[in-house]
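To keep things clear, I will list the structure first and then write my remarks on it.
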Amino acid sequence: MHRNYELIVIRIMGKVVINSFEDFQQYEGQELGVSDYVELSQERINMFADATLDHQWIHVDTEKAKRESPFGQTIAHGYLTLSMLPHLWDQIIEVNNLERMMNYGMDRMKFAMPVLSGQHIRMKTKLEELVNLRGAIKTTIKFTIEIQETGKKALEGLATFIYYFKQ
């Protein structure tokens, strides 16, 4: 009874807390949560362009984008939107008692809509699958990144993480 109360309180606070495989099992097939919105500002887009050496004009040339882009302004790199996943994921879940965690893979990703400079995104997640791998836990998370200003999906897919809990 106390354990269920604790999970309800944590959900109200907006973050799921996981300490074991058994904790994960309670959420299999369920929504895990929704992150806060974060802005993809032109400054963030420019920094991403510098980090990845992807300076395509549609991302960084605001004047040319006003004139020539079908969107009338610059757009965020699709991979910038994807790269926000760890930050947004950290707002949804806290996994404790770990030796280590690995990003294992991404599947069925679809960039559905560009994110315009200055728009805000958030992530919704669902625990699609959970597999006990004898000492490690493989989780498959369905994620959807939404654009606040339009209510539309920017990106969706499956992220797979492997968690190694301390024995």
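The values are calculated or read from the model by the stated rules, or taken from the named source; none is laboratory data. For clarity, every value in this text was computed on a predicted model and none was experimentally measured. FYI the Cβ positions are ideal-geometry reconstructions off the backbone, even for glycines, and counts take in every protein chain you see. Protein only, heavy atoms only, side chains kept; ligands, DNA and RNA dropped before computing areas. Shrake-Rupley method; radii C 1.70, N 1.55, O 1.52, S 1.80 Å.
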Near pairs, Cβ below 7 angstrom, 6+ apart or cross-chain, from region 53-71 (open to solvent by 90 Å² or more (accessible area, probe 1.4 Å)) to any residue that is among the small types (Gly, Ala, Ser) and in a helix (DSSP H, G or I): HIS55/ALA49
THR150, sole failed condition from (1) more than 30 Å from LYS166 (Cβ to Cβ); (2) among the polar types (S, T, N, Q); (3) open to solvent by 30 Å² or more (accessible area, probe 1.4 Å); (4) assigned to a strand (DSSP E or B): (4)
Counted residues, region 113-132 - those being open to solvent by 50 Å² or more (accessible area, probe 1.4 Å) and closer than 30 Å to LYS66 by Cβ: 3
Matching residues, region 14-52, being over 16 Å from the mean Cα position of the chain (by Cα), open to solvent by less than 30 Å² (accessible area, probe 1.4 Å), among the β-branched types (Val, Ile, Thr) and farther than 22 Å from ASN97 by Cα: ILE45
Failed item in (1) part of a helix (DSSP H, G or I); (2) more than 19 Å from GLU149 (Cα to Cα); (3) out of contact with any helix residue (DSSP H, G or I) (no Cβ under 9 Å at 6 or more places or on another chain), with LEU88 passing the rest: (2)
Test: ARG100 is in contact with a Phe, Trp or Tyr (Cβ under 9 Å, 6 or more places away or on another chain) and open to solvent by less than 60 Å² (accessible area, probe 1.4 Å): no
